[in-house]
Structure formats: C-alpha cells, structure tokens
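Right, one structure below, let's go through it.
All of the numbers you see were taken from the coordinates with simple rules; none came from a lab. Quick caveat, the model's predicted, so the values are computed rather than measured. A quick note on method: Cβ atoms are made from the backbone with ideal geometry, for glycine too, and the neighbour counts reach across all protein chains shown.
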Amino acid sequence: MKLRSVLFATALFAATTPALAQTIDDTIKPPVLRANVSVAGDVVRIGDLVENAGVAAQIAVYRAPDLGTTGTLPVVQVLNVLRQHQVIGVTTRDIKDVTVTRLARNIAAKDIQLAVAQALAHRGGLGEAENISLTFDRDLQDLHLEASNSGTLEPTAARVDPRSGRFDVTFEIANDASQVATQLRYTGVAIETVEAAVLARNVERTEVLKASDVIVQRRPKAEVGTDPAVRDQVLGMQMRRAMRAGQPLRVADLAKPDLVQRDQAVTVIYQTAGIYLTTRGKALDSGTQGDVVNVLNPQSKRTVTGVVTGRGQVTLQVATPAPVYVSDTSAISSNDTPAAAPVSVADGSSNPQAPVKPE
C-alpha cells in the first residue's frame, strides 16, 4: 500500500513537467531532436534543438557560434542537457551530432571596397570609381553582421582631402531588430589610377618598341600625367628619349619611326606630269613619314629638299605651274581670237617654266 502511494506521487510530479505532460496527453506531438539548427541570436534555446519542445522551448542552453560560423554538438551531450531541464523522451532518429549555424549578414571585403570607391567618386578631384585605388588604415576583411541587418550599405558621409588623398567614409545599414541603424566607418588613402604602357627594359633614344618591350599596369594618374600611352599606341613607335625600365610611357615620349636615317643612302624620286625619274642620294637628316629632309647628290655635290614618302625613299618637292587665262582686251588679236593659250605664272614671266630635273 505504501509503495503504491509513492508511485502515484511520482507519476503526479512527472505530469507537472513539460516533457512528461506531453506523454500523458496523446494529442501533443512527442519532442524530436533536430539534426541541423540555425539561430539568429547569440544563444541556442531548447526550442531551437528540439521540435515540439513545449513550454521549455525558450530556455537557453548553449552559447551560439560566432557570426557566420557553424558548430557541432554530440547528441549524447545534448540529451544530458535536456534532461537537466526535465525534457526527456526525445526522439533522436539515430542522429549522432547536431550542427548549429549562426545566421549572419555577410558583406565581402571586395564589396566594401567597391562601396567606398563609389562614395568617393568625383570628390576631391577623383574620377570614376573603377579608377580609384584604396589603401585602408586597417586590413579590410569580410564583415559578419547580425542577420537582422538587412538594409543596404548607404553612405551617409564621404570626405577626401584633394592634396593628401585621405578619406573618411561612413555607412549605415537598416536593422530590422532596432530603430537604430548599424554604422560602419572606413578611413585611408585614395588615389586615382590609369592604365598605362610601362617599359619592361631600358631603352635608348630612337629605338623602335616591340611587344616584348612593354607591359600594361595601373599607375597613379599624377605619375603618368594627362597623356598616358596605351599598349596599342606604342608598338612600332620610336623613342624620343632614353628611358629606364618601369617608367610609364606618355604620348609625348613617342614618335613615328624614322624611315630615313641621317647619312643613309636613299632613293630620290622626281615625279611630275608624264615624268617619273629616280636617282640615288645621301640623306643629310633623319625623318619619318611626311618629314622634309635634305638630300645630297653625291655626283654634283648639290643639296635638294624632299619629303620622306617611304622607307629609304625621298620624293622631291616640285611646284606644278598654275595655268591662268589673260583677261585684258589688249591680249585679243584683231580677228577676235584669243591671243594665247594658258601660260605659267610660277616665276612671274609669260613663258612656261621648264621642270627642274634632279641633280
């Protein structure tokens, strides 16, 4: 009789605990352990670990992993903790471990860098965001925020010193769990860069650049200047001055390659209406396409002037006589026939000027 009373009292006490109360009421589903758990806060509660935890669901039993990370709990350990809070009879479904993931708003470092560059674009003399190079005062790393920070990264203040390039940018992110937005601040140095052709080796004046002589790099705009040369512009061009490896090229450093070199034997061309003559000469100047150079006739020792029209080729400048017609009535003969055909006025005379043959 005494033993029966003790068992009844034990059953009555058990009926007052959450888990045992569920076993008495067949309409309540049994507690089931979850294999994978995701939490948004900094603690793990029984309701996160156990489905149908009843009134014990809000009891905190573990500290959550760091933001954006995942931890593992052995099932045996979890069951022991649940028993301490009178949660028993939990179905485990042969689960060995429970994984717990801390939800987070992850913002990649590259996205932060892009947002800062966009906030600084066209400020303090800077240009487009894609041309801005940033150096942060602290190493820029991926950012993990509470999952409630669901808003966009909005710049609220952006300042940059035009001389030093020092910048200070503040962002705000709307928080679903609070009326106060999350603030982020970044400082460092910003410079504008441009893509430039850079010498891969030392070069001398008058050298013609080949593909292997040039590499493409982004350089500070202040270093390159306002006329940076790009790779397609420099190949096959001639250096105006000697330069060292690593120096960026400017348009002003380059010239069209000389087609005629000083003291070079060249072909001299004389061409006019109906006449095409060639002879040999010695260039007294260097020149590229279209340059005017002096050429010595080695036989007569006379110097003529011509235009560089090809490699080792100079064409003499020949003035073509301009025809005019006499309009004075005194030039009309008595029989009303025009007195003359077109005449040249190249030398101010009425006689056509014979072409000058090359020396």
For LYS96, counting only aspartates and glutamates whose alpha-carbon sits under 19 Å away and dropping same-chain residues fewer than eight positions off, the answer is ASP48, GLU51
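Taking K and R as +1 and D and E as -1, what net charge do the other residues with C-beta under 13 Å from the C-beta of ALA56 add up to?
Charge balance near ALA56 sits at 0.
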Taking every other residue with Cβ under 14 Å from the Cβ of VAL90 and scoring Lys and Arg +1, Asp and Glu -1, one gets +1
Output for region 168-207: GluC sites (Glu not before Pro) sitting in coil per DSSP, at most 11 other Cβ within 10 Å, listed by number, reads GLU204
Expected sort for SER286, SER150, SER212 with the fewest Cβ neighbours (10 Å cutoff) up front is SER212, SER150, SER286
With R₀ set to 25 angstrom, the calculated FRET efficiency between the beta-carbons of VAL76 and ASP42, to the nearest 0.05, is 0.50
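Taking the number of other C-beta atoms within 10 Å as the exposure measure, put LEU114, LEU277 in order starting with the fewest.
LEU277, LEU114
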With a 27 Å threshold on alpha-carbon distance, the violating pairs from LYS210/LYS301; LYS110/LYS221; LYS256/LYS282 are LYS210/LYS301
Measuring from its Cα centre, region 162-219 shows a charge dipole (+1 at each Lys and Arg Cβ, -1 at each Asp and Glu Cβ) which, in debye to the nearest 20, is 280 debye
